[in-house]
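Only one structure is covered here, and it is reproduced in the block below.
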Amino acid sequence: MTQAQLAEKVGVQPETISRLERGRRAASLSLLEKIATAFDLHLHELLHLRTGSAKEISLERLMLFAARLSAADIDVVLNVGAEVLDHARRAATAARSATSSLENLTSQVMKSPKT
């Protein structure tokens, strides 16, 4: 979302959003609530400062995402995610195998006597 789009959604001028981003202006609680709504977030999600390892931050993001879903939707996300991850792992294994085969073939060609 652009600054202009956010400004329109929350009812301020684009320059106001720019000043907020640059730390040149403090936002009122009312404006923060409007910004959170524009991003479909709860106010505490907007204000939450993330610290910790990359895994901890990712787990927190996953929990915040899942908290908005029904149990059935969570099951769908888990099933689809597992399938996508399995496919990605199989593709990576196949790519490593193909690379290894190509390296072996290249090595054999380089070792063979030239005629």
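Read-outs: derived from the displayed coordinates by stated rules, not from any lab. Values in this document were obtained by computation on a predicted structure and should not be read as measured data. Heads up, the Cβs are rebuilt from the backbone with ideal geometry, glycines too, and the neighbour counts pull from every protein chain shown.
If you filter region 31-115 for trypsin sites (Lys or Arg not before Pro), then keep DSSP loop positions with at most 16 other Cβ within 10 Å, what is left? Don't skip to the answer; put the middle values down first.
On the way: sites: Lys34, Arg50, Lys55, Arg61, Arg68, Arg89, Arg90, Arg96, Lys111, Lys114; in loops: Arg50, Arg68, Lys114.
Here the sparse-neighbourhood loop sites are Arg50, Arg68, Lys114.
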> Where a Cα-Cα gap under 15 Å defines reach, which aspartates and glutamates qualify for Lys9, not counting those fewer than 8 residues away within the same chain?
Replying inline: Glu33, Asp40
>> Can you tell me which of Leu20, Leu62, Leu102 moves the most in a GNM of the chain? Springs connect C-alpha atoms under 10 Å apart.
In response: Leu102
> Near Lys111, which aspartates and glutamates are there with a Cα under 16 Å away, not counting those fewer than 8 places off in the same chain?
Replying inline: Glu103
>> Positive end of the dipole of the chain, charges at C-beta (+1 Lys, Arg; -1 Asp, Glu), about the Cα centre: which of Ser107, Gln5, Ser58 has its Cα farthest in that direction?
In response: Ser107
> Between region 1-43 and region 50-115, what's the alpha-carbon centroid distance in Å?
Replying inline: 36 Å
> Can you tell me the Rg and Dmax of region 70-115, counting just the alpha carbons, in angstroms?
Replying inline: 20.2, 70
> Which FRET efficiency value, to the nearest 0.05, is calculated for Arg19 and Arg61 with the Förster distance at 35 angstrom and r the Cβ-Cβ distance?
Replying inline: 0.80
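Given only helices, namely DSSP H runs of n ≥ 4 each adding -39500 (n - 2.57), what is the per-residue ellipticity at 222 nm of the chain, to the nearest 500 deg cm²/dmol?
Using -39500 (n - 2.57) per qualifying helix, the result is -24500 deg cm²/dmol.
Just subtract the alpha-carbon distance of Thr93 and Asp73 from 0.36 nm times their residue separation and send over the number in nm, one decimal. Walk me through the numbers on the way to the answer.
Details: separation 20, 0.36 × 20 = 7.20 nm, distance 3.00 nm.
Gain in length upon complete extension: 4.2 nm.
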>> To the nearest 20 Debye, how big is the dipole of region 1-68 about its Cα centre, given +1 on the beta carbon of each Lys and Arg and -1 on that of each Asp and Glu?
In response: 160 debye
